[in-house]
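S.K.: I have a structure I would like to understand better, so I am pasting it below and will then ask my questions one at a time.
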C-alpha cells in the first residue's frame, strides 16, 4: 500500500485537453483585443489585452506543468512530479502581478493625460465575444476541476473568471467614455481591473505556497481520516497523523495503536484494512502506517 500509484490516465487526458482549450481561447482573444486596442485607443481594452496575454502565458505554463506533473514516479523523484503544478501556479501569480502593476502605471498616465476612446462598437463587439468564449471555457474547467482537483487548472480558471468581470468593466468604460463623456472612466476602470488581478494573483500564490511548503490537509479531511481509521476493528488509537498534497497525489502517514499482545500477522492485517479503507477515500494517495503497541510511551508532537 505504500507504493505510489501512477497518475490516472483519464485525469491526465482531461487536464491536457482543458489546458489546450484554455490556450486556444486565450490566443484567439489576444488577436481580437490587439486589433480592438489599436482601433479604439482604449486603455481598458489594453488592460484586458495584457490580461489575455498573461492568460496565454499562464495557460502555456499550465500545459507544460500538467504534462510534467502527470509523469509517474521514477528513481530520482520517488514522490512523483506533482509539485510541478503548484510551482507553475506560483510563476503565474508573479507574472500576473507584474502585468497588473504595469497597468496601474498606464492608468495613472491616462488620468494625468486623458486620451479619447474611439470605435466604441468595435470594442464592445470584441468584449461580448470574449465574454461568451470565456464563459464556455470556465464551465468546461469547472467540470474538469470537479473530476481532477487540479491546482494548476484551478489557478488557470481563476484568470478566466476574473476575465468575465474585466470584460464587463471594459464595456462599461467604453460606454461611459465615448457616449457618456466621462473620460476618466477608462483609466479608472483599468486601474480597478489591475487591482483585481493582483488580488487574484495573491490567492493563487497562497495556494501554491501551501502545496510547495507541504501544508497539512484541511482539518475537516484530517478529521475524516481519523474517523475512518478509528472505525477499523483492532485499532485502539492513532497519533502522529501527517498529511500533505502535491496536487496530483495525497500523502498520508500515521501511527496505529494496536493490542500489544496481537501476533504480528494480525497487526499487519489491521494495518492493511486501514490502508484499504483510506485508499477507497483517497485513490491517489500514498499511505504509510507505523504500528505501535497500545500504551507504550512514545514521543508525540504537540501539534498532533
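Any read-out appearing in this document is the output of simple, stated calculations on the displayed coordinates, not a laboratory observation. Owing to the predicted nature of the structure, the values given are computational and were not obtained by experimental measurement. We place every Cβ from the backbone using ideal geometry, glycine too, and count neighbours over all the protein chains shown.
S.K.: In nm, to one decimal, how far is the modelled label at residue 101 from the one at residue 147, with both set 7 Å along Cα→Cβ?
M.R.: 3.9 nm
S.K.: Could you work out the relative contact order of the chain? I mean the mean sequence separation of Cα pairs under 8 Å and 6+ apart, divided by the number of residues, in percent. Before the final figure, lay out the partial values.
M.R.: Values: 473 pairs, mean separation 65.1, N = 304.
For the chain, the relative contact order is 21 percent.
S.K.: Can you tell me what share of the DSSP beta bridges in the stretch 171-304 is antiparallel? A percent to the nearest 5 is fine. Please list the in-between numbers first.
M.R.: Details: 8 of 17 bridges.
Just about 45 percent of them are antiparallel.
S.K.: Which angle from 0 to 90°, rounded to the nearest 10, does the C-alpha axis of helix 264-281 make with the longest principal axis of the chain?
M.R.: Result, in degrees: 20.
S.K.: Additional query: If I fit a long axis through the Cα atoms of helix 120-148 and take the longest principal axis of the Cα atoms of the chain, what angle between them do I get, 0 to 90°, rounded to 10?
M.R.: For 120-148 against the chain, the angle is about 10 degrees.
S.K.: Here's something else I'd like to know. Among 198, 193, 128, 112, rank each residue by its count of other Cβ atoms within 10 Å, from fewest to most, as a rough exposure measure.
M.R.: So the residues, fewest neighbours to most, are 112, 128, 198, 193.
S.K.: Suppose only helical runs count, i.e. DSSP H with n ≥ 4. What mean residue ellipticity at 222 nm does that imply for the chain under -39500 (n - 2.57) per run, divided by all residues and rounded to the nearest 500 deg cm²/dmol?
M.R.: Working: 8 runs with 199 residues, N = 304.
Per the formula, -23000 deg cm²/dmol.
S.K.: Would you calculate the separation in nanometres between label points at residue 139 and residue 264, each defined as 7 Å from the Cα along the Cα-to-beta-carbon direction?
M.R.: Modelled inter-label distance: 6.0 nm.
S.K.: If you don't mind, another one. Expressed as a whole number of Å, what is the distance separating the alpha-carbon centroids of the stretch 39-93 and the stretch 239-285?
M.R.: Comparing the Cα centres of the stretch 239-285 and the stretch 39-93, I get a distance of 34 Å.
S.K.: Using a simple spin-label model with points 7 Å from Cα along the Cα→Cβ vector, what separation in nm is obtained for residue 71 and residue 220?
M.R.: 3.5 nm
S.K.: Contact order normalised by length for the stretch 106-239, with contacts defined as Cα pairs under 8 Å and 6 or more residues apart; what percent is it?
M.R.: Computed value for the stretch 106-239: 28 percent relative contact order.
S.K.: To test your reading of the geometry: what angle, between 0 and 90 degrees and rounded to tens, separates the Cα axis of helix 219-230 from the longest principal axis of the chain?
M.R.: Taking Cα atoms only, the helix is inclined about 20 degrees.
S.K.: If you rank 159, 76, 239, 249 by fewest surrounding Cβ atoms within 10 Å, what's the result?
M.R.: Fewest-to-most Cβ neighbours within 10 Å comes out as 76, 239, 249, 159.
S.K.: Of the DSSP beta bridges with both residues in the chain, give the percent that are antiparallel, rounding to the nearest 5. Mind showing how you got there, number by number?
M.R.: Numbers: 9 of 18 bridges.
Restricted to the chain, the bridges split so that about 50 percent are antiparallel.
S.K.: Further question on the same structure: If you build the Cα gyration tensor of the stretch 219-293 and take the root of 5 times each eigenvalue, what three semi-axes come out, in whole angstrom, biggest first?
M.R.: Each semi-axis is √(5λ); the values are 22, 12, 10 Å.
S.K.: Another question about this same structure. Using a Förster distance of 45 angstrom, determine the FRET efficiency expected from the C-beta separation of residue 20 and residue 108, and round it to 0.05.
M.R.: With a Förster radius of 45 Å, E is 0.75.
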